[in-house]
Amino acid sequence: MEALAFNTIDTILLSVSAILFIVQVIYYFGIYNRIHAHNRATQKGNVHFTKDLPPLSVVICARDESENLHKHLPAILEQDYPNFEVIVINDGSTDETETVLCALEEKYQHLYHSFTPEGSRYLSRKKLALTLGIKASKYDWLVFTEARCQPTSNQWLRLMARNFTSRTEVVLGYSGYERGKGWLCKRIAFDSLFTSITYLGWALAGKPYMGFGRNMAYRKKLFFNKKGFASHLNLQRGDDDLFINEVANGNNTRVETDANAVMRMQPVEYYKDWKEEKVSYIATSKYYKRIQRFLQKIETTSRLWFHFIIIIAIVISALNFHWLVSGIAFLIWVIRYTMQAIIINRTATDMKEKRHYYALLPIFDFLLPLQTLSFKIYLLYRGKNDFMRR
């Protein structure tokens, strides 16, 4: 009967496990399931969209992207949309970018390109390039993507535009990687999926806190009313996440989650490139609103502690032959894993991701916060001067 009895330590461990489990349930059903719930509501006709298709400007910043522009830009230029222009800013490219753009301009009359002035003293050349593109645009609605991105269909602009209601000023879209081979590609793909589930989930919950320049839109007048990137010109990054953090709210922001409006990118070849991008976003994330940083930390902290407490509970109870305690702890873990696998993979299916996560899910779930911690430590080692005005 001792094996079925609870002592004080058993009770504490199971109680803490249950509390952390409840916190995780709240986040998974309250935030991470939002994309799937939004898609179901859309299919049932419970989401209001506008039928207007206002003229819009697609703005792209390109630096040494001749190959990507040649490969991906036609898919943007050939969108099924009545009236739009595409503006590409050549940011000091040394490859064949200029040649590619000139050749495409001969074929597509709605493509325009310009360049950033040589010797520019802007800390962030991308912010300068985007500002030039925005100023050159003819229309109020601006849609942003990157040269390495390709829409999954020719309905991308129509699907983004159906969110351009009279109250809307910001529209956030989904982006993901094409399926690649190897551990790095799997790791990056899961990180991208979970990041999208998180920031789009919060936006659907009425608490937008960031966006990615790979797939988003906002009004030109909003950009100028907020004086562009003036509030964070001292930072190299922030042209997408910090700007959205500053201007977006629950009343003026919508999210497009149709799989035909997804932007796809080629798998990352080198770890150092992905790491640099992640570290750059971490460097700007500390400027998010305090409550947003706090809510993010609660989920990450509760997730790590959940794993640690469950492991401790199983090990200690097994050593003491308290099999009931081990069984309950393991059951709690299995329930959370099942919930997590259903929500994450259901969302992956909705967004037509070609990879799903079952056996690797517990590994990535545990590694993700540790990975973020390691990047933060690396950021401290490098110092903030690499990301700010010296």
The number of Lys pairs in the stretch 242-379 whose alpha carbons lie under 19 Å apart, excluding pairs fewer than 8 residues apart on one chain, is 11
Quick numbers on the stretch 154-224, Rg and Dmax over C-alpha atoms in Å, give 14.3, 46
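Based on the Cα gyration tensor of the stretch 61-184, what are the three equivalent ellipsoid semi-axes, each the root of five times an eigenvalue, rounded to whole Å and given largest first? Show your work: numbers first, answer last.
Numbers: eigenvalues 103, 78, 54 Å².
In descending order the semi-axes read 23, 20, 16 Å.
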With +1 at each Lys and Arg Cβ and -1 at each Asp and Glu Cβ, the charge dipole magnitude of the chain around its Cα centre, to the nearest 20 debye, comes out at 1020 debye
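Taking 0.36 nm per residue of separation and subtracting the Cα-Cα distance, what length does fully extending R40 through S166 add? Intermediate values should be presented prior to the final figure.
On the way: separation 126, 0.36 × 126 = 45.36 nm, distance 2.38 nm.
Extra length available between R40 and S166 comes to 43.0 nm.
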per DSSP, antiparallel bridges as share of beta bridges in the chain, % nearest 5, sits at 30 percent
Note: the stretch 1-91, point scatterers on Cα, Debye, no solvent; log10 I/I(0) at q = 0.16, 0.20 Å⁻¹ equals -0.92, -1.00
Inter-part gap, Cα centre of the stretch 191-246 to Cα centre of the stretch 35-113, in whole angstrom, is 18 Å
Any GluC sites (Glu not before Pro) in the stretch 1-92 that lie in a DSSP loop and have at most 11 other Cβ atoms within 10 Å would be E78
Between the modelled labels at K71 and N234 (7 Å from Cα along Cα→Cβ) the distance in nm is 3.9 nm
Here the FRET efficiency for L380 versus K51, based on Cβ atoms and R0 = 41 Å and rounded to 0.05, is 0.20
Any lysines whose Cα falls less than 24 Å from that of K51, other than same-chain ones fewer than 8 residues away, would be K138, K220, K221
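Apply 1/(1 + (r/R0)^6) to the Cβ-Cβ distance of K227 and I311, taking R0 = 51 Å, and write down the FRET efficiency to the nearest 0.05.
Efficiency for this residue pair is about 0.50.
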Pseudo-spin-label distance E105 to R290, built 7 Å along Cα→Cβ, given in nm, is 5.0 nm
Across N46, N163, N68, the residue with the highest GNM fluctuation in the chain (Cα network, 10 Å cutoff) is N46
Rounded to 0.05, the calculated FRET efficiency for the beta carbons of L361 and E276 at R₀ = 22 Å is 0.25
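Computed from the coordinates by the stated procedures, all read-outs in this text should not be read as laboratory data. Fair warning: this is a prediction, and the values are worked out from it, not measured in the lab. All Cβ positions, even for glycine, are placed from backbone atoms using ideal geometry, and neighbour counts span all protein chains on display.
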